[in-house]
Structures are given as structure tokens and as C-alpha cells.
Amino acid sequence: MDFGRISRRHLLQGSAALALGSTLGVRGAAAAETTVGFIYVGSRDDYGYNQAHAQGAAALKKLPGIKVVEEEKVPETDAVEKTIESMINLDGATLLFPTSFGYYNPHVLKMAAKFPKLRFEHCGGLWTDKDPKNAGSYFGYIDEAQYISGIVAGYSTKSGKLGFVAAKPIPQVLRNINAFTLGARLANPKATTQVIFTGDWSMPVKEAEATNSLIDQGVDVLTCHVDGPKTMVENAARRGAMVCGYHVNQSPLAPKAYLTGAEWNWEALYPKFVKMIVAGEAIPNFYRGGLKEEIVKVSPYGEMVSAEARKAADDVKAKFMSGDYTIFKGPIADNKGKTVIASGTDRGQQDPELEKMDYLVEGVIGATA
Amino acid sequence: MTTEAAESVEAAGVAPAADPGFLQRYGASIEYILIPGAALVGALGVFGGFIALYGKNPLDLYFYMYYGAFGTWFSWQNTLTRAAPLILTALCTALPAQLGMVIIGGEGALLIGALAATSAALALQGAAPIVVQIAMVIAGMIGGGLWITLSGGLRQYRGVNETISSLLLVYIALAVLNHLVEGPMRDPASLNKPSTREIGAANMIGTIPGTDVHWGLVFGLVAAVAAYILIYHTTFGFAARVAGGNIRAAKIVGLSVGKLILTVCFLAGSSAGLAGMIEVAAVQGRTNANLAAGYGFTGILVAFLARQNPLAIIPVAILLGGISASGGLLQRRLGLPDASVLVLQGIIFVFVLASDALYGRIGFLKGKS
Amino acid sequence: MADASLGLWTVPLAVFGGAIRVSTPFLFVSLGECITERSGRINLGLEGTLVMGAMSAYGISYLSGSPWLGVLAAGITGALFGALHAGICSLPRVNDIAVGIALMLLGTGLAFFLGKPLIEPTAARLPAIDFGWWSDVPQVRAALRINVLFLIGVAIAPLLYWAFKTTRWGLLIRTAGESADAARAMGHSVLLIRLRATMVGGFLAGIGGSFLSLFYPGSWNEGLSSGQGITAVALVIFARWDPMLCLWASLAFGGAAALGPALQSVGITSGYHLFNAAPYILTLAIMIITCSPKRTLTGAPAELSITR
């Protein structure tokens, strides 16, 4: 580009980024602030996915020398590319967190190639060797937390029927459903999970209808995987069912019905990332972890959770924390009777096979298509 | 060819002015700039007042709007990128408006066009990129064209109101897209973001040299100029405008209104379908739910603000592209909600519609009438 | 099957329950639009009014603690939007369909803008009346926990039917809708009649919105309306401007919306996206069946721009 002002800015920012670690280390010497850009696909106060990230961003704001700029409701089109460029060109951002799964390919990849000296941290865990080195994609094994929720749900259900309001039958969602069910069946081998797919990430009326349909089927504990669990939590509580939350802690919405929940712990991870940069360490491009790595956490137990359930859940949690527990441990059959993980095969969290999950385990009522 | 009176044809449903007097003609041209300009200024004033009530300084608002939309070369590129699809989707409303029809289903035609274009590209894998690209253009235009022709046909042969039917078809198109993308057309490798297979990097249409703006902008400009020539400088366009002014008169002079409706609807849909093809071939590289980003709906606004004139669509699309380009800056610098863009669009729309009443009423521009 | 479950019976029950739960916004918007259209104007902006009503009801209920004040606020907001629509449409040469689209955009935008701080808090909800006390089956009891607004809506339909037929203002509205000239000849201001009809229509649509945020699904967020307002406008056309048919059509719509999740809950899962589109497909199908190019629709107000 031959446009003096902008290209000079680019150069400045490029070198700033190159020296990002040292700049942060010797703060006050050179640049005053590092600007971090956060991009959300929905409203950042949705009691769900976006709020979890916004809480992480809020934790960053407390760090000295860090300036956070945020933009919400940015669609997964070239709009996100332009938002990234705008944050870089107009706000001087050098570290970007595009937090929606669908931002990665092609948008984040394109931007990472265009600004090779800036750092991109995408939430989704999608980075592969072919992708630019300045792009990273992190994600959490939130199925561990779902598994704990499942254990609590299995102890708490009276009907033995659990319900799951899900958006789309994609591997991440299926993995949560399966982990939740396996956890529940640990507590109650006869427990079943009925799943309803609403078709999209934010469909309040459908989510409410799904919640009601599930409860009509005799379900008495519900959880979900949609962007904003508020609708499910409130409607289930109104019908007297118990709930396990998702994304963030929803217990303020239904303190009596809230058992526990699977939460992101971005407010622990994001400051950690920035501190790693300060210390001059490279963040691995593919960064993942679960309870042990403090990327996910479990909501505090609600008052309805029995002592027995707490103990069982805490035991398993302790094993996750020490790193010697496998959720997907053969033999596991799907709900059509086919063996999907053979006896003797342990599929640990890092196993790429789990990323391709296209089945629902035995005990789940529902279909993937 | 048609008389100059055509220049002063009113928006949908109003007969061409009877008297092509010089003063009137001259006055009308000035009116077309003066009245929308005044409406725009009025709308910006009201929006500024609204923002002031919200506790922000309107002058900051205007500055950031200008800065984010047109203040830097980057901002210009951001604006033009966003304007590109709007020109095409606006034509989807503006062309049928010549016949007095209100089509608001451009979003549906865009989605179907994208699906058709993607299908064509996937069917022709291995062919030369230029062949694939041409096939995508044709398929996208036919797909989108037929979708809106459906509304036109229902209106002509069943008397179904085209406004409502085209809108319902948007929801149906979205369901069809989701169904295909998550089912029959799904790329098994698109794990957590259900999508079709990629059309391939070689088949992408890329950006205009020296800029970040993709070729969609040129497609839009060409389509708008072509539509202008079609409407104002061909017999076909003249016939359409006659039919738009008075169906009975059109029948008396022997025009085949049915054929006109179907052809115009096809052309309208094909421009929105082309927008869908461009989103695939220039931005996303495949079809998935991200394509439903609302370009079709904003296009309606563009068409009405341009008073259904294809040439006027170009500056109006750039204006609205600029508003949405500056939206991010308003969030980041002024802390305004993302919906500010919607509010401003709504206010402008209301002002421009209300200003319709002023045409022919401004004293000093009045001719002898 | 365990005793707590009704198996396949949940489908009709869910459709029935859904018809009651989901239909109320459709009912209010379509009755409101029915009044407006009978006066000879179409207000496509009711989608915006609905969303605006939902937001303002939630906000007022949250601030005041009284959901009924929220409902009132939603109604007033709706009436103001109606007045704005009618006001702009009364200017010469202004297209009422376009104004509707503009207000759809403005209403949605304003509601999202002002509603941003309301996404997180929990507001007081409208109470439900338990009509299922006689039943031992929890599912039936749940389906029969009905909100008063639904009952009001059901009562308005026959009332409106009667009012159109026999009262003076019903006659005035119909006259304005059938022939503006005739109304003028009788010494009435058509613009004033339409202003009032559009305001009443907006009032009802606003209340329909309050049901969404204050009863079911029962909280405010930006995805609350998935086009219910605009679908309800379409519904008036195939209900042929008859309030009683609006009632039945709304119920059918509510039921159709509940069909997708209910079928999945009993294990019918294929093509759920297509099931989810059922209400829109249904509307279109009914419009295709009931419309005709040869004659104007029975019951269509002659002044209405979309039927001319």
C-alpha cells in the first residue's frame, strides 16, 4: 500500500508487536499500553457463551498496561475481517481475540496472513500445522465439567430421565451430551438423556418449547448447549425441574433449581496468556486443557445436591485435577447398539478421534441427523 | 428509447409525470438531490439528539462516523466492501418496484443463489477456474432468479401478495440451506461448523488489485448500471414502467403483464443470487449458515432510500456500507450498543419516506404547475 | 413406559400446549393488524412494535416490579409506534408498506439499543392461572397453566367480530377501509379513523410483545422474536380479515411451532430444520390455496394497498 499514514502506522505496530514481549516487560520505557481486541458474535451479557469471554476480557482490563477494546454482535462474514483490521488500524490493537468458532476459517486465517507480526488468539481449537504461526486457537475440554454435571444430575434425578437442549448436532455438542450422559450413568446406570436440537445457537422460543417437551416426557434434570442458557434455565425452573448450567454460572437465575454447571474459566486463561507474552514465552498455537489446566470449571453445587452426589462428583473432579481420568473409555456403544470405542481403548482428551464424534452414546435418546 | 419524462418517474405505483416541461425536469433533478440530502441531515440530527439523551456527545458521534466510514483509506475500503453486496440485494427490491411490486425477500434469493453457485463449483471440481467461476455466476443467478420468480408467479397466477410471500420464502430458504448444509451437502470434515465442501482457493474471485475490496463491488456497479439502462433506455423497461404505473393501461396497449412480472422478478432474484455467489466466491469459500448475514434485508432499505433508482442505489449502498463500517468504532470509542446502526438506519428510512411528501412542493423549484 | 411419561401422547399434548403458549403473540398482533387493515391500511411494522413492546414491558416490569405495568407500557409504546406509522402514512404519496418496513427496522433497533442493559436482569413475570387443577397428569396441568393475556386475546376475537358487525365505530372503520370517499362523504376524517385504528393495532401488538418477554419464553433477549410479528401480519390475510379466523389461525400457528421440538422429544428427528420452518410453509401454503387472481379476496378491504 502506498498510503503513507497507514503504512507508517502498520510499520510501527508491526515492530511494536515484534517487541510485544519486551515492551510489556519493561513497561513505561517504550510504549505505554498494549491494546487487546475482543470480538464477540453475540451480546456480551447473554448469560452464556459471549458473557464468558467478556468476563475473561474484564479480567484483562485489571492488568496494568493493558487496554481492551471490544466489539459485539460481529457476524461471521467479512465483517469480522474488517473489525479486526479496524481494531488494528484505528485502535492500534496488537493482540486479538476473535472469540467465535466460525471466525476462524477463512477470516482469522486471512487476517493472520495479512498481519504476520500481530498475534491472533481464536477460541475453538482449530489450529493446524498448515495455518499461520501467528494464529493460535485454544479451547477447553468442557466435557469434563459436563461429566461432573452429569454425575450430579444422575444422583439428583428421580425419574432417571435427563434432558439436553442442544443447538446443532456437531461434534462439540455431541461430546458434551455424551459426557453428560456417561457421567449420569456412572451415578445411575439406568439414567437416560433425551436430546432436542433447536437448529440454531439462539432460538429462545424453540428452546422454551424444547424444555417444555422434555419435561412433559418426564425429564426432571435439564442442561443445554446453546449460546444463552437463560431461557432453558428459567423455564425449567418454573416447571419445577432441576438444571445444570452451561458457559457461565446461571444460579442467580434459579437458585433453588440450579444443581451445578459446566463453565468456562476464561478469566483465568486470558491473563495467563498475556503474562506468558510478558515473560517472553510463546503461547502454543494449539492450546487446550480442561479442569486441571483451569480452562473450564464447575459451578458451586446448589443446595439441592445431596452429600452423596457431592462426594462422588468431587472424587471424579480430583481425578481430573490429577490428570488420571478418562471419560471416553471403552467399551462404549452408541445408542444404536454399535460399538464406537472398543473395549480396552482409552480415548484421552487429546485424542483427535474425539474431535470427529458423530454418535450419541447408549443412554441418549435422540439422533444426530 | 424513452422520453426524458422517464427521469421523473416516481417510486413504485406512481404514474410518470405527464408534462416534461423544462423547469419541471430541471427542478425534479435538483429535488432528487436536495430532498434526500435534507432528509439525511434531519435523520442525523435526530440521531444525534437521541445519542445526546444517552449521554454522549453528538459531535463525537459525527466525527467517529465520518472517521470510521470515510476518514482513512482503510475506512473507505471497509465501507466499499460492505457496500458491495448491498448494491446487488437492493436491485432485488428496486427492479420489481418498477412494476409497483414490493419484494422484500432478497435474503432468500441470496441464500439460494449461494447454494446454487456452490453446487455448480462442487460439480465442476477440476475444471479451469474461469469455467467454474462463470458456472457459479450463472448458477447463482438462476437459483436466486427462480426463487423470486416464485413470488412473482404466485402473485400473477394465484394473487398471493408478493411482499408477504417473498418474506416467508426467506425463512424457508434459510431452513433449506440449514438442512442441506447439515445434511446432504455437508462436508464431513466441517466438524463443528457444518458447511459444504470448499469451492477451492483457485476458484475464488479475489480482490480488486491495489485494494482489499473484492470484485463483488464491480459486479454490483455493472449490475446497477445495466439495470438503469434496462429500465430507462429500453423498450422492455418502458413497458415495465407503464405497467407499474397503470396495469389496465398496460393491458390495453397490449403488454403481457404476466411475462413482464416474471421476467423482472427473475432479474431481481438473479441479482440477489449473484450477491450470494459473490459471498461464496469472494468471502466464505463455501456455503454455511454464515451467509444469512442480513444483506438481503439491508438491501431493501437501500432500494427505498434510492427511491428504487438503480443508479442512486450505488451512492446509497456506499452510505449504508459506511454506517455499518463505522458501527464498530461507535461501540469501541463511544461505548454505544451495536444496535446504534439499526436505529440510525431506521431513522433515516423514516425521514426519507416522509420526505416523499415534499416532491413537487418546494416553491422555488416548482415549474408552472 | 414409566408412569410419569405419556409417550407418543406428548405430541398432541405439546401441540395443544404449544398452541396456547406460543399463539398469544400471534393472536394479539393479528387482531391488531386486523383492525388496522380493516381501516384500509397495512402496517408491516408490527414486528418492530412487537419487539419494542417486549423490551419496554420487560424494562418497566423490572424497574417497577409490576408486570402489569409492563404490559401497559408495552401497549402504550405500541400505540405510539402506531401513531408514528399513521402519521407518516397520512402525508401525501407515502407508501404504507415501505413505512411499515422502516418502522420494523426502527422498532427492532430501538428495542435492541435500549434493551441492552435488560438482557441480564430478571424481571417480575406475569402470573399463570392453573386451569389444570382437575387433572392428575402433570403434563396436562402444565399445558393448562394459562396466562390471562391469552384469555383476554381469546375474548377480544369474538368481541371484535361483533364490534365490526354491529357497532358504530366498527362500521366507521369498515367504511374507511372499503371506500375512503364514502367515509368522507359521511363527514368523517379518514385519516383520523386510520390513525385510531393503527394506534389500537399497535397497542395490541405491543401487548403481544409483552407476553413474549414477561410470560413465554419469559425473558428479554435479542433473538426473542423470530418473525412472529411479520408472520402474524401474513396470518391476517389468510384469515381474511375475520377476527374469529385470526384466533383459529393463531392457535394453528402456535401448535405448528411446537411440532418440531415435540416430534424430536419422541424420537422423530430427521429434517428438523424443515419441521422448524413449518409455520412459514403453512402460511405460504394456505395463502396459495385461499388466494385467487380472478377476484379480490372475500372480506378484503377494498382500500387496502396489497389487495388492489
Q) Looking only at strands (runs of 3 or more DSSP E) that fall completely inside the range A:42-128, which ones have 2 or more residues that are under 22 Å from B:S326 (Cα atoms)? A) A:66-71, A:93-98
Q.
Taking the conditions exactly as written (without any contact (Cβ under 8 Å) to a residue 12 or more places away in the chain and not polar (S, T, N, Q)), does A:K206 satisfy them or not?
A. yes
Q: Taking A:G136 as the residue in question, decide whether it is within 18 Å of the chain's Cα centre (by Cα), at pLDDT below 95 and within 12 Å of chain B (Cβ to nearest Cβ).
A: no
Q. B:M136 fails exactly one of the following numbered conditions: (1) more than 25 Å from B:M185 (Cα to Cα); (2) buried (at least 23 other Cβ atoms within 10 Å of the Cβ); (3) not small (G, A, S). What is the number of that condition?
A. (1)
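Answer with yes or no whether B:V283 is within 20 Å of the chain's Cα centre (by Cα), within 28 Å of B:I33 (Cα to Cα), outside any loop (DSSP other than H, G, I, E, B) and touching a residue at least 40 places away in the same chain (Cβ under 8 Å).
no
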Q: Would you mention how many residues in the range B:220-264 are within 21 Å of the chain's Cα centre (by Cα), surrounded by fewer than 20 Cβ atoms within 10 Å (Cβ to Cβ) and among the β-branched types (V, I, T)?
A: 4
Q) Considering the range B:156-170 alone, what residues qualify as being of a type outside the set (A, V, I, L, M), within 7 Å of chain C (Cβ to nearest Cβ) and either closer than 15 Å to B:G269 by Cα or without any contact (Cβ under 8 Å) to a residue 60 or more places away in the chain (or both)? A) B:R158, B:G159, B:N161, B:T163, B:S165
Q | Residues of the range C:38-94 satisfying the condition of being among the aromatic types (F, W, Y) and away from every other protein chain (no Cβ under 13 Å) | A | C:Y62, C:W68
Q: Output yes when any residue across the range B:353-368 is at pLDDT below 95, within 25 Å of A:V108 (Cα to Cα) and touching a Gly at 6+ places or on another chain (Cβ under 8 Å), and no when none is.
A: no
Q | Matching residues, the range A:327-347, being loosely packed, with under 15 Cβ neighbours inside 10 Å and within 25 Å of the chain's Cα centre (by Cα) | A | A:D346
Q: Considering each residue of the range A:129-166, count those that are assigned to a strand (DSSP E or B) and of a type in the set (S, T, Y), and give that number.
A: 2
Q | Of the criteria (1) assigned to a loop (DSSP other than H, G, I, E, B); (2) touching a residue at least 60 places away in the same chain (Cβ under 8 Å); (3) not small (G, A, S), which one B:P209 fails | A | (2)
(Q) I need the strands (runs of 3 or more DSSP E) fully contained in the range A:215-320, keeping only those with at least 2 residues that are surrounded by 21 or more Cβ atoms within 10 Å (Cβ to Cβ) and under 23 Å from the mean Cα position of the chain (by Cα). (A) A:221-225, A:242-247, A:258-264, A:296-298
Q) Quick one: would you say B:A121 is among the aliphatic types (A, V, I, L, M), surrounded by 24 or more Cβ atoms within 10 Å (Cβ to Cβ) and over 22 Å from the mean Cα position of the chain (by Cα)? A) yes
(Q) Go through (1) farther than 23 Å from C:E120 by Cβ; (2) within 13 Å of chain A (Cβ to nearest Cβ) for C:L224 and report which single condition fails. (A) (1)
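So that you can scan it fast, the table gives a plain yes or no per residue for (1) of a type in the set (S, T, Y); (2) within 14 Å of chain C (Cβ to nearest Cβ):
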position: A:I177; (1), (2): no, yes
position: A:L186; (1), (2): no, no
position: A:T193; (1), (2): yes, yes
position: A:S202; (1), (2): yes, yes
position: A:A210; (1), (2): no, yes
position: A:I215; (1), (2): no, yes
position: A:V219; (1), (2): no, yes
position: A:C224; (1), (2): no, yes
Q | Lone unmet requirement of (1) outside any helix (DSSP H, G or I); (2) of a type in the set (A, V, I, L, M); (3) in contact (Cβ under 8 Å) with a residue 24 or more places away in the chain for B:A127 | A | (3)
Q | Looking only at the range A:64-86, and only at residues there that are aliphatic (A, V, I, L, M) and out of contact with any Phe, Trp or Tyr (no Cβ under 9 Å at 6 or more places or on another chain), the one that is nearest to the other protein chains (Cβ to nearest Cβ) | A | A:A79
(Q) So for the range B:42-56 (the condition being at positive phi and of a type outside the set (A, V, I, L, M)), does at least one residue qualify? (A) yes
Q.
Can you confirm whether C:T296 is within 11 Å of chain B (Cβ to nearest Cβ) and either at pLDDT 85 or above or surrounded by fewer than 24 Cβ atoms within 10 Å (Cβ to Cβ) (or both)?
A. yes
Q | Breaking point among (1) more than 14 Å from the chain's Cα centre (by Cα); (2) within 14 Å of chain B (Cβ to nearest Cβ); (3) among the hydrophobic types (A, V, I, L, M, F, W, C), for A:A153 | A | (2)
**Q.** Residue in the range C:278-290 that is farthest from the chain's Cα centre (by Cα), counting only those that are within 9 Å of B:I172 (Cα to Cα) and modelled with pLDDT of 85 or more
**A.** C:I281
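The values are calculated or read from the model by the stated rules, or taken from the named source; none is laboratory data. Note that the structure is a prediction, hence the values are computed from the model and not measured. Counting neighbours? That spans all protein chains shown, and the Cβs are built from the backbone with ideal geometry, glycine included.
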